[in-house]
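Visitor: Sharing a structure, written as structure tokens. Questions coming.
The values are calculated or read from the model by the stated rules, or taken from the named source; none is laboratory data. Just so you know, these numbers come straight off a predicted model, no measurement behind them. No Cβ is skipped: glycine too gets one built from the backbone with ideal geometry, and neighbour counts run over all protein chains shown. These accessible areas exclude ligands, DNA and RNA; they are computed on the full protein's heavy atoms, side chains included. Shrake-Rupley method; radii C 1.70, N 1.55, O 1.52, S 1.80 Å.
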Amino acid sequence: MEAEPPFATAAAGGNEAVARSSIWDLIRGCGPAGMTIDMEELRRMILMPEYLRVAMAMSVRAKDWNVGLVAASSIKNRNGDEQAAPKAPIVVFVNSRSGGRRSLALKVWLQKIMTEEQVFDLSAVKPSDFVQYGLTCLEKLANLGDSHAKANRGRLRVIVAGGDGTVGWVLGSLAELFMHKRKPVPPTGIIPLGTGNDLSRSFDWGGSFPFAWRSAVKSTLYKAVTGPICHLDSWHVVIVTPDGQSIEPPLSLGQMENDAFGQDQDVDIDGELPKKVSCFEGVYHNYFSIGMDAQIAYGFHHIRNKKPYLAQGPILNKLIYSICSCTQGWFFTPCVHDPGLRGLKNILRLYIKRADYADWEQILVPSGVRAIVALNLRNYGSGRHPWGHPKPEYLEKRGFIEAHVDDGLLEIFGLKQGWHASFVMTKLISAQHIAQAAAIKMEIRGGEWNQAYLQMDGEPWKQPIAQDFSTYVVIKRVPFQSLMISGE
């Protein structure tokens, strides 16, 4: 089950436009669109020849593409399979842990439409295994002169049934194809099963799972075949922290070898580092944040992990978030603490690189800001738009440009406390604009605090911070863009 930014819950009751959108997402599948799609015609458009889909699936499950080559030869010799290449063969990844019981029913329905070999449950199959073994099998067959394998590999498209975190996981695995120049890279569509579903909203796949989902699934598969291709920026995050600190990074962050960090000339850390450091890296597509919002998300994850029966759907998730928001001081700062100490300016130095500029520029952290977000998408917190829609005169005055998901820039904004966040999410005001940046560097050092909270695409963690040495977070754009299918 995917998480959403905590203060989205504070605004849920007041944001009528978002509520109407969510209701429409739920009922839009009830219309005739999915019903008018002929099932057999759809299957002809998306189904791979039997010998290819079996070979691909067996390669993934055996983690050996040679197994797939043997299976393909055996089935083709037995059946003489000469089925023409479909218009757009589709592979679906289903996160069976998202969306409650609906995800399991969805998986069964998809397997009925397009066979078990083209539908993978992410609880059993990693998307990286699909890239390493499944796609390699198709490429090997194509190199051996199989024209059907070549056509299916070239036309392949992917659908992810899950929340934003699941989509990011699959996109990260497909990025391996870019890095190893194994083109073309399959574009990705989405069936939203998470709580926030902002990636899904950003590419017009909707914000929630519809009531009439069987009909909607047919419509989704058809759109995945015919939809235009869009581009999405991805952002590489490197975290450098003094060694010996106790840190439990999220799954989206992997530990780097120290020698690999030393060879990475893109990190750009000028400050003094201790002799031993721990380094982590990952990629995000939606947002990175530091401060109170991440602390509340961390509290939610702690409750969900300790008592999973409490988090069984979006409504209960929002209720738990609301409780965490109030109890952890997002709305009410305890009187025993100095409110001034809660501002991020006490622990954070922020640097950016502007577009077409090579030098770092320090940006003052506004007084009173308790959460800073570096946003890539326009949608955030279940379809809200905290950056707003600034007028051209304002953009020109601030040196900003209109925000897009493929413009190579991050929108950096601040939130002061829960009331401020609520007004932002209900569109009464915009968030506090701080900067637009082509790269970001954060220097975090103790003071009155000994820990900070960070999160990346909804995955939070507690970050220890030291008095003597700084922790650095460096964010730079990945040199290639992810390919997305528009659901319009």
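Visitor: Could I have the simple spin-label model distance between ALA124 and ALA466, label points 7 Å from Cα toward Cβ, reported in nm to one decimal?
Guide: 4.7 nm
Visitor: Based on the Cβ-Cβ distance of LYS397 and ASN450, what FRET efficiency does E = 1/(1 + (r/R0)^6) give at R0 = 41 Å, to the nearest 0.05? Before the final figure, lay out each step's value.
Guide: On the way: r = 40 Å, r/R0 = 0.97.
Computed FRET efficiency for LYS397 and ASN450: 0.55.
Visitor: Rounded to the nearest 10 Å², what accessible area does TYR298 show when all protein chains are kept and the probe is 1.4 Å?
Guide: About 70 Å², ignoring ligands and nucleic acids.
Visitor: R0 = 35 Å: FRET efficiency of LYS276 with HIS236, Cβ-based, nearest 0.05? Display every interim value, and only then the final one.
Guide: Details: r = 23 Å, r/R0 = 0.66.
E between LYS276 and HIS236, to the nearest 0.05, is 0.90.
Visitor: Given the whole protein assembly as supplied and a 1.4 Å probe, what does the accessible area of LYS476 come to in Å², nearest 10?
Guide: 40 Å²
Visitor: Whenever you get a sec, line up ASP204, ASP407 from highest to lowest accessible area (probe 1.4 Å, protein heavy atoms).
Guide: Numbers: ASP204 65, ASP407 40 Å².
Result, largest first: ASP204, ASP407.
Visitor: In the structure displayed, which of LYS223/LYS462; LYS391/LYS416; LYS391/LYS476; LYS183/LYS391; LYS107/LYS140 lie more than 31 Å apart, Cα to Cα?
Guide: Values: LYS223/LYS462 40 Å; LYS391/LYS416 23 Å; LYS391/LYS476 27 Å; LYS183/LYS391 40 Å; LYS107/LYS140 29 Å.
LYS223/LYS462; LYS183/LYS391, as the Cα separations exceed 31 Å there.
Visitor: Would you pull out the residues with amide H under 5 Å of ILE434's amide H, same chain only if 5 or more places away, H placed 1.01 Å from N?
Guide: ILE412, PHE413, GLY414
Visitor: Then there's this: Per 0.36 nm of contour for each residue apart, how much would the distance between SER147 and GLN362 grow if the chain were fully extended, relative to their Cα-Cα spacing? Don't skip to the end; give the middle numbers.
Guide: Working: separation 215, 0.36 × 215 = 77.40 nm, distance 5.53 nm.
So the extension gain works out to 71.9 nm.
Visitor: Separate question: So how far apart, in nm, are the two label points at GLN245 and ASP204 if each is 7 Å from Cα heading toward Cβ?
Guide: 4.4 nm
Visitor: Between ILE269 and ARG214, what is the FRET efficiency for a Förster distance of 41 Å, r being their Cβ-Cβ separation, to the nearest 0.05? Don't jump to the answer; show the numbers that get you there.
Guide: On the way: r = 53 Å, r/R0 = 1.28.
Calculated value: 0.20.
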